[in-house]
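Peer 1: There's a structure below that I have some questions on.
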Amino acid sequence: MTGLEQLTATIALTLGVGWASGINLYAAILGLGVMSQLGHVSLPPSLEIVADPLVLTAAAFMYMVEFVADKTPGVDTGWDALHTFIRLPAGAVLAAAAVGEVSPAAQIAAGLVGGSMAAGSHAVKSGGRAVINLSPEPVSNWTASVTEDVAVFGGLWLALYHPVIFLVLLAGFAALAIWLLPRIWRGLRRVLRAISGRGAPEPPPEPPTPGGPSPLPPQLGRGEGS
């Protein structure tokens, strides 16, 4: 592998683990660990910890928990909100480990970039799912969740085996995120208004009490005083 190919592979893996962590952290760790255990990929020494059986067991357990929570409308939004404080720092740590044995400054830079990638993919995933939950049927929620899982496993496979293709697709995802996020934000504002009750329709006027005086039309009321 030439120096340029090695650099491209390192960049793809660094960005890939950050991006994947923002969508499904446990799937990202599980996918990397299983591929390493099966001998299909050689991870940097600082990232080999994900192939440890204890780490794999914990990741597999949490992936199954997320698999159920992520496909339950309403629960998935709460799960995403909680994982804002987990996916972003974990994505930064994994990205810093993915660059291998480099200077501390390079590791910090990789962590910043990886954390930013995790933040972007997490914002698209969590915001989009909150908007999708406005739909009364669960099929769209399940479809989005399965698509996200497939994207994480497939994206990491591309980052490891076809880094150039992955980087091109990641650039497309970044462009799509820039286009989507303002629209997702407007959808979330509608959700918040609905929750707070400001977006609810005004109740109809109460009917007159039986036996009571009937209200006069506005024009008659004005005529009496003239």
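The values are calculated or read from the model by the stated rules, or taken from the named source; none is laboratory data. Values in this document were obtained by computation on a predicted structure and should not be read as measured data. Glycine also receives a Cβ, built like all others from the backbone with ideal geometry; neighbour counts cover every protein chain displayed. For the accessible areas, the whole protein counts, side chains as well, though only heavy atoms, and no ligand, DNA or RNA atoms are used. Shrake-Rupley method; radii C 1.70, N 1.55, O 1.52, S 1.80 Å.
Peer 1: Could you go through the range 120-127 and let me know if any residue there is at pLDDT below 90, among the aliphatic types (A, V, I, L, M) and out of contact with any Pro (no Cβ under 8 Å at 6 or more places or on another chain).
Peer 2: Taking every residue of the range 120-127 in turn, none turns out to be at pLDDT below 90, among the aliphatic types (A, V, I, L, M) and out of contact with any Pro (no Cβ under 8 Å at 6 or more places or on another chain).
Peer 1: A follow-up question, please. Say whether the condition of being open to solvent by less than 50 Å² (accessible area, probe 1.4 Å), in contact (Cβ under 8 Å) with a residue 60 or more places away in the chain, in contact with a Leu (Cβ under 8 Å, 6 or more places away or on another chain) and part of a loop (DSSP other than H, G, I, E, B) is met by at least one residue in the range 24-46.
Peer 2: Checked against the condition, which is being open to solvent by less than 50 Å² (accessible area, probe 1.4 Å), in contact (Cβ under 8 Å) with a residue 60 or more places away in the chain, in contact with a Leu (Cβ under 8 Å, 6 or more places away or on another chain) and part of a loop (DSSP other than H, G, I, E, B), the range 24-46 yields at least one hit.
Peer 1: Here's a follow-up. Cβ contacts < 7 Å: first residue basic (Lys, Arg) and modelled with pLDDT under 95, restricted to the range 54-73; second residue open to solvent by 40 Å² or more (accessible area, probe 1.4 Å) and assigned to a helix (DSSP H, G or I), any location; separation 6+ or different chain. Result?
Peer 2: Between residues of the range 54-73 that are basic (Lys, Arg) and modelled with pLDDT under 95 and residues that are open to solvent by 40 Å² or more (accessible area, probe 1.4 Å) and assigned to a helix (DSSP H, G or I), the close pairs are 71/142.
Peer 1: Looking at this structure, is residue 97 free of Cβ contacts under 8 Å to residues at least 12 places away in the same chain and either small (Gly, Ala, Ser) or farther than 22 Å from residue 179 by Cα (or both)?
Peer 2: Values: free of Cβ contacts under 8 Å to residues at least 12 places away in the same chain: no; either small (Gly, Ala, Ser) or farther than 22 Å from residue 179 by Cα (or both): yes.
Against the criterion (free of Cβ contacts under 8 Å to residues at least 12 places away in the same chain and either small (Gly, Ala, Ser) or farther than 22 Å from residue 179 by Cα (or both)), residue 97 does not qualify.
Peer 1: For the range 54-85, which residues satisfy the criterion of being closer than 19 Å to residue 28 by Cβ, open to solvent by 60 Å² or more (accessible area, probe 1.4 Å) and among the aliphatic types (A, V, I, L, M)?
Peer 2: Correct list: 54, 64, 68, 82.
Peer 1: When the range 176-193 is examined, which residues are found to be open to solvent by 60 Å² or more (accessible area, probe 1.4 Å) and closer than 28 Å to residue 9 by Cα?
Peer 2: 176, 178, 179
Peer 1: Right, another one. Considering the range 47-85 alone, what residues qualify as being within 25 Å of residue 159 (Cα to Cα) and either among the basic types (Lys, Arg) or part of a loop (DSSP other than H, G, I, E, B) (or both)?
Peer 2: 52, 70, 83
Peer 1: Looking only at the range 86-121, which residues are surrounded by fewer than 22 Cβ atoms within 10 Å (Cβ to Cβ), assigned to a helix (DSSP H, G or I) and not hydrophobic (A, V, I, L, M, F, W, C)?
Peer 2: 89, 104, 107, 116, 120
Peer 1: Say we look at the range 1-19 and pick out the residues that are more than 17 Å from residue 45 (Cα to Cα) and aliphatic (A, V, I, L, M); which of these is most open to solvent (accessible area, probe 1.4 Å)?
Peer 2: 1
Peer 1: Taking only the range 122-150 into account, find how many residues are more than 15 Å from residue 77 (Cα to Cα), assigned to a helix (DSSP H, G or I), open to solvent by 20 Å² or more (accessible area, probe 1.4 Å) and not aliphatic (A, V, I, L, M).
Peer 2: Count: 2.
Peer 1: Here's another thing I want to ask about it. Does the range 154-167 include one or more residues that are of a type outside the set (D, E, K, R), open to solvent by 40 Å² or more (accessible area, probe 1.4 Å), closer than 22 Å to residue 64 by Cβ and assigned to a helix (DSSP H, G or I)?
Peer 2: yes
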